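Novice: First the structure, which I've put down as structure tokens, then a few questions once you've had a look.
Rule-based calculations on the coordinates, nothing more; no lab input. These numbers were taken from a predicted model, which means no experiment stands behind them. Here Cβ is always computed from backbone atoms with ideal geometry, including for glycine, and neighbour counts include all displayed protein chains.
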Amino acid sequence: MSAGAPAAVAVVGLGAMGSRLAANLLADGHRVTVANRTAVAAEPLVAAGARAAGTPREAAAAAGVGLVCVSDDEASRAVWTDPASGILAAARDGLVGVEASTVSPGWAAELADRAAAAGIGFLEAPMVGSRPQVEARALHVLVGGDPDLLERVRPVLAASAAAVHRTGAPGSAATAKLLVNALFAIQVEAVAELLAYASGRGLDPETARELIGALPVASPAAMRAADAMLARRFEAAFPLRLLVKDLRYLLAGGPSPLAETVLSAADRLVAAGRGEDDAVVLARPWLDPERTTTHRP
């Protein structure tokens, strides 16, 4: 496929990210077939010009690129490897499978091997950003796999991306994505603790946020999280339950004491029913207005 030429793309998984990826591809003139566990999710995309398929296998059979965006290893494994309905069962020359989900590095590498055995091209391409970034076509895509395959599918990835970064062999992009998400989680926890610390010692948290945000110590992501915390905006752009999954994948590969601390805090919030809130809900135990100490309850 050449730059600017329309491609036949299957998008499997029409959650918050996948549905928006498909919409961007349609807007760019690509021929899009969609598949999802619940068919109702496909209806707005069909109204916009997509074709609905009953299974991932059926969707991939009509496409040159199969793009998957699901929640975790288990869902990814089912989409790709189910012997009756999976994408690998539709394997044929010329098909390139792209795993855009945030999965574990081990599964990404295994999936690459399975795709090679089935005779299809494969790239892992997890995406950094959430709903606002995909709508603005401002994602950063991390790609593990063959550089020639990347050039073939670049127009598909570029439909939602500000930049595409090749990380190396399959599994490397999954590792990079987990690092990014863990760093974000650690920053959210740190900002929440520090705003609470400021409040408990007579410094207005809004003033503290403005001061920190004006200095080079702060990242834009941390400051956006601080704004959401102070406004108590917890509607999900990146649900806490998915952050918990990502931290577990990270820690399965080796120790990270800071990530373990954040995971412990996140687990308590999920147990309290906050798993569908945005990850910035990590701030909630720290920003309770009755708190006067920095000790976690």
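Novice: Using Cα springs under 10 Å in a Gaussian network model of the chain, which residue among T33, T102, T261 shows the largest mean-square fluctuation?
Specialist: T261
Novice: Note the angle between two axes, namely the Cα long axis of helix 257-271 and the longest principal axis of the Cα atoms of the chain, as a number of degrees from 0 to 90, rounded to the nearest 10.
Specialist: Computed tilt is about 90 degrees.
Novice: Another one. Sort out for me the Cα centre separation of segment 237-283 from segment 6-81, rounded to whole Å.
Specialist: What the calculation gives is 28 Å, centre to centre.
Novice: If you don't mind, there's one more thing I want to ask. Antiparallel as a % of all DSSP beta bridges within the chain, to the nearest 5?
Specialist: Details: 5 of 30 bridges.
Bridges in the chain are about 15 percent antiparallel.
Novice: Additional query: Rounded to two decimal places and with Rh computed the Kirkwood way over Cα pairs, what is Rg over Rh for segment 157-221? Numbers along the way, then the final one.
Specialist: On the way: Rg = 16.8 Å, Rh = 14.5 Å.
Rg/Rh for segment 157-221 comes to 1.16.
Novice: Let me test this: with uniform point scatterers at the alpha carbons of segment 161-297, what is the Debye-based log₁₀ I(q)/I(0) at q = 0.10, 0.14, 0.17, 0.20 1/Å?
Specialist: Listed by q, the Debye log ratios stand at -0.35, -0.66, -0.94, -1.22.
Novice: Per the Kirkwood definition applied to all pairs of different Cα atoms, how many angstroms is the hydrodynamic radius of segment 20-113?
Specialist: One decimal place: 13.6 Å for the Kirkwood radius.
Novice: Something else about it: Averaged over all directions, how much area does the convex hull of the C-alpha atoms of segment 55-104 cover when projected, in nm²?
Specialist: Values: hull surface 12.3 nm².
Orientation-averaged projected area of the Cα hull: 3.1 nm².
Novice: Taking the highest mean first, how do the peptides 167-174, 57-64 order by number of other beta carbon atoms within 10 angstrom per residue?
Specialist: Working: 167-174: 20.9, 57-64: 22.5.
Highest-to-lowest ranking by the protection proxy: 57-64, 167-174.
Novice: Springs between alpha-carbon pairs under 10 angstrom, Gaussian network model over the chain: which of D277, D73, D204 fluctuates most?
Specialist: Looking only at D277, D73, D204, the largest GNM fluctuation is found for D204.
Novice: With labels modelled as points extended 7 Å from the Cα through the Cβ direction, what inter-label distance (nm, one decimal) is found for R92 paired with L230?
Specialist: 5.7 nm
Novice: Where is the GNM fluctuation largest for the chain (alpha-carbon springs, 10 angstrom cutoff): A228, A117, A47?
Specialist: Highest fluctuation of the listed residues: A47.
Novice: Right, another one. Once you charge only the Cβ atoms, +1 for Lys and Arg and -1 for Asp and Glu, what is the size of the charge dipole of segment 1-64 about its Cα centre, to the nearest 20 debye? Numbers along the way, then the final one.
Specialist: Numbers: 5 positive and 3 negative charges, 18 e Å.
With Lys and Arg at +1 and Asp and Glu at -1, about 80 debye.
Novice: I need the shape label for segment 16-56. Rule: rounded when a/c is under 1.5, else prolate if a/b > b/c, else oblate, with a, b, c from the alpha carbon gyration tensor.
Specialist: Numbers: a/c = 1.74, a/b = 1.47, b/c = 1.19.
It comes out prolate by the Cα gyration axes.
Novice: First measure r as the distance between the Cβ atoms of T261 and A136, then evaluate 1/(1 + (r/R0)^6) with R0 = 35 Å and state the FRET efficiency to the nearest 0.05.
Specialist: Working: r = 32 Å, r/R0 = 0.92.
Here the calculated transfer efficiency is 0.60.
Novice: Shape of segment 93-194 from its Cα gyration tensor (a ≥ b ≥ c, root eigenvalues): rounded if a/c is under 1.5, otherwise prolate when a/b > b/c, or oblate? Show your work: numbers first, answer last.
Specialist: Details: a/c = 2.91, a/b = 1.61, b/c = 1.80.
Taking the square roots of the gyration eigenvalues as a ≥ b ≥ c, segment 93-194 is oblate.
Novice: At q = 0.07, 0.10, 0.12 Å⁻¹, what base-10 log of I(q)/I(0) does the Debye formula yield for the chain when every alpha carbon is treated as an equal point scatterer in vacuo?
Specialist: Those come out to -0.29, -0.56, -0.78, one per q.
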